[in-house]
1. Looking at 31, 27, 49, which is the one that is modelled with pLDDT of 90 or more, on the phi < 0 side of the Ramachandran plot and of a type in the set (A, V, I, L, M, F, W, C)?
2. Being buried (at least 16 other Cβ atoms within 10 Å of the Cβ), of a type in the set (Gly, Ala, Ser) and without any contact (Cβ under 8 Å) to a residue 40 or more places away in the chain narrows it down to one of 37, 73, 47, so name that one.
3. So residue 17 fits all but one of (1) surrounded by 13 or more Cβ atoms within 10 Å (Cβ to Cβ); (2) under 13 Å from the mean Cα position of the chain (by Cα); what number is the exception?
4. Scan the stretch 52-70 residue by residue and report those that are in contact (Cβ under 8 Å) with a residue 12 or more places away in the chain and over 13 Å from the mean Cα position of the chain (by Cα).
Amino acid sequence: MYKYSVFSLILLISFVLLYSWGPGLLFYGFFGKLEVAFLVLLPLAGAIFAFKGNGWTKGVLLILNLIAFIFIAYVLIIVIGYKYGN
């Protein structure tokens, strides 16, 4: 595997681990904002690294990272709508 594909895979796995950890004690206060920032930035950085890769892993990792980014953006929109909605 190409080194950029490995970086992209590592970022995708760390996104999944951070998301599956769930809203624990770190989800509140400063560390909660940091966690949300990481949840948004990890798939974006993974997509950038996947775009620099080559072969079939480029397409697969690019699609998976973009799906992860769209998923977390959708969840954040729902949370913001629930918090500030009617």
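The values are calculated or read from the model by the stated rules, or taken from the named source; none is laboratory data. Keep in mind that what you see is a predicted model, and the values were worked out from it rather than measured. Every residue, glycine among them, receives a Cβ derived from its backbone with ideal geometry; neighbour counts consider all protein chains shown.
1. Answer to the selection: 49.
2. 47
3. (1)
4. Within the stretch 52-70, 52, 53, 54, 55, 57, 58 meet the criteria.
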